Amino acid sequence: LADGPLKGRRIIVTSGPTHEPIDPVRYIANRSSGAQGTALARALAGLGAEVVFVTGPADVPPPAGVTVERVETARQMLAAVEDALPADAAVFAAAVADWRVANASASKVKKDGGGRLPALEFAENPDILARVAQMGDGRPALVVGFAAETDDVIAHATAKRGRKGCDWIVANDVSPATGIMGGTENAVTLITAEGAQSWPRMAKEQVANRLAQMIAEALA
Ligand code: C5P
């Protein structure tokens, strides 16, 4: 482990999308690349933290120097996070699927010769961030969530911070025109108890370094 201000601190980072099966060969997913979560885990490890990196099936490889827990579904991600507790901080950068397929099939769904179409039913996934933020005993001292919004970013993210019970929300505008989702840059607004601060657009690595620095200061 690197030497640095986070030496001796244990931090959980979730990252990437989740995959929610329809049947053994098909799934529902989202466009998260895992780039921001991966950069953050790397930056935290670089400051000396012991990082447990809980990742869904991401496009980018996990960083070196962290403990990697690979999961597919939201429920597996929750279980991996619970196994990784206790921690000094937890940062939820994953794009967790809000819903899973309630009537997933154990065998491959066959095309019906008569033209009948399958009907998917959905069930709500557990909200991992909200659960950890609202746990009593053993809650990490700092719980950070992300909010991908397409409009009214500050208002929605501020409301989300209250609803989820986390300490900070890192909000970003993922409207297709911004090119942020799946891109290399991010423009974030950090929402804390003190209010909102908007950062200039910068590389996801720079966002990660700046956040990691602030996390180190908050835990000091
Ligand atoms: O509610 P929304 O999905 O916009 O909230 C985003 C934040 O909540 C992210 O930090 C994400 O990682 C976390 N989240 C979660 N579990 C869910 C849904 C979102 O941890 N089921």
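Side notes on the structure shown:
- Order of 198, 32 under a 10 Å beta carbon neighbour criterion, fewest first: 198, 32
- Which of 3, 167 has the fewest Cβ neighbours within 10 Å, and the rest in rising order: 3, 167
- Assuming charge only on the beta carbon of Lys and Arg (+1) and of Asp and Glu (-1), the dipole of the chain about its Cα centre is about 380 debye to the nearest 20.
- With the simple model of a label 7 Å out from the Cα in the direction of the Cβ, residue 67 to residue 103 spans 4.1 nm.
- Dipole moment magnitude, nearest 20 debye, the range 36-140 about Cα centre, only Lys, Arg, Asp, Glu C-beta charged: 500 debye
- Pairs exceeding 27 Å between alpha-carbon atoms, taken from 7/204; 160/204; 164/204: there are none.
- Taking amide hydrogens as placed 1.01 Å from N in the peptide plane, the amide H of residue 68 sits under 5 Å from those of 53, each at least 5 positions away in sequence or on another chain.
- Applied to the range 157-170, the Karplus parametrisation 6.51 cos²θ - 1.76 cosθ + 1.60 on θ = phi - 60° returns per-residue 3J(HN,Hα) values of 6, 5, 5, 5, 4, x, 5, 7, x, 8, 7, 10, 10, 9 Hz, with x for Gly and Pro.
- Put simply, the C-alpha atoms of the chain give a gyration tensor, and the ellipsoid matching it has half-axes of 31, 20, 17 Å, longest first.
- Largest mean-square fluctuation among 93, 130, 74, in a Gaussian network model of the chain whose springs join Cα atoms under 10 Å apart, belongs to 130.
- Note on the chain: dipole from Cβ charges, positive end direction compared against 170, 196, 28; the farthest Cα belongs to 28.
Bear in mind that the values in this text are calculations on the coordinates, not laboratory data. Since the structure is predicted, the reported quantities are computational estimates derived from the model, not experimental observations. Methodologically, a virtual Cβ is constructed for each residue, glycine included, from the backbone with ideal geometry; neighbour enumeration extends over all protein chains shown.
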